[in-house]
Structures are given as C-alpha cells and as structure tokens.
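Encoded as structure tokens, the structure appears first; notes follow it.
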Amino acid sequence: MKKSSFHILRVGMAITFLWIGILIFKNPEAWGGFVQPWVVDLLPMSLTDAMMGTAVLDIVIGALLLVDILTPWAALVGAGHLLIVLLVSGINDVTVRDIAIFTGAFALFNDSLPEAMRVKLMFWKKKVSN
C-alpha cells in the first residue's frame, strides 16, 4: 500500500528511530539506565558499548525507512528491536511509547510487504493449518 498515510507513518517512524539513535549516541549511559540489571549481567560487552550498538541499529533502521529502501525489512527489524526493548527494559514510564513504536513498525512491515511475498505467506499459513 502506498497511500499517503503509509508515507506519513514511514517518515514519522524514520524520524523517531533516527532521533532516538542520536540521543543514545549523545548519552549512552542515561539510556542504559532503562536496561534491567539481569540483562546487563548477560551482556558480553559493556552496557555503554551495547547502547552504542543500539544507537547504530536505530539510525540504520531510521535511514532505511526515511529513504524508503528495504522498507518491509527495516520495519520488521525495527519491530523486533522494539520487542527486545520491551523485554529488557521492563514496565516503566516509557513502556507505552515503546508499544506504540512497535505497533507502528509492525504496521509498516505489514503494509509494505510485496504482494508476491504476502501470497506466499498466506499459502504457507494455509498449509501449516491443514
């Protein structure tokens, strides 16, 4: 679907991912404060390094969405990233924001998936349910 609402959501999501990525780069320690202690213990690197990697991921997702390249895959990675954020940050004051970003990213994935791939997925779904 290439309606104007699709492009508004795509650009809004792109700006959100880009902005968050830049904010994380500016102060990774503050953003690391949202990560639950049990997750920090599992990291194979410092929390600051993990946050810097997160910033890069956010910026790449945002850039791909902004220029409308690989949109379904950028949106899917963005949705997966937000699921992980929801898991590692727990329920707090920004959880509702993360849920909104996740649903927006998943909606973009759903609406930008090429029709041929959508048909294949529906065929697979029917095959599995039988």
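Quick notes on this one:
- What the Cβ-Cβ distance of Arg118 and Val40 gives, at R0 = 41 Å and to the nearest 0.05, is a FRET efficiency of 0.55.
- In Hz, Karplus ³J(HN,Hα) per residue of the range 67-76 (6.51, -1.76, 1.60; θ = phi - 60°; x = Gly, Pro): 8, 6, 10, 6, 3, x, 6, 5, 5, 5
- Given charges at beta-carbon only (K, R positive; D, E negative), |dipole| of the chain in Debye: 780
- Computed Kirkwood radius, in angstrom, where 1/r is averaged over Cα pairs of the range 4-129: 15.5
- Here Ser4 and Ile91 are evaluated by their C-beta separation; at R0 = 30 Å the FRET efficiency comes out at 0.30.
- Taking Asp41, Asp58 and counting other C-beta atoms within 10 Å, the order from fewest to most: Asp41, Asp58
- Phi to ³J(HN,Hα) by Karplus 6.51 cos²θ - 1.76 cosθ + 1.60 over the range 52-62, Hz, x for Gly, Pro: 5, x, 4, 4, 4, 4, 4, 5, 5, 4, x
- Between Ala30 and Ile99, residue separation times 0.36 nm minus the direct Cα-Cα distance comes to 22.8 nm.
Rule-based calculations on the coordinates, nothing more; no lab input. This one's a predicted model, so the numbers in the text were calculated from it and none came from an experiment. Heads up, the Cβs are rebuilt from the backbone with ideal geometry, glycines too, and the neighbour counts pull from every protein chain shown.
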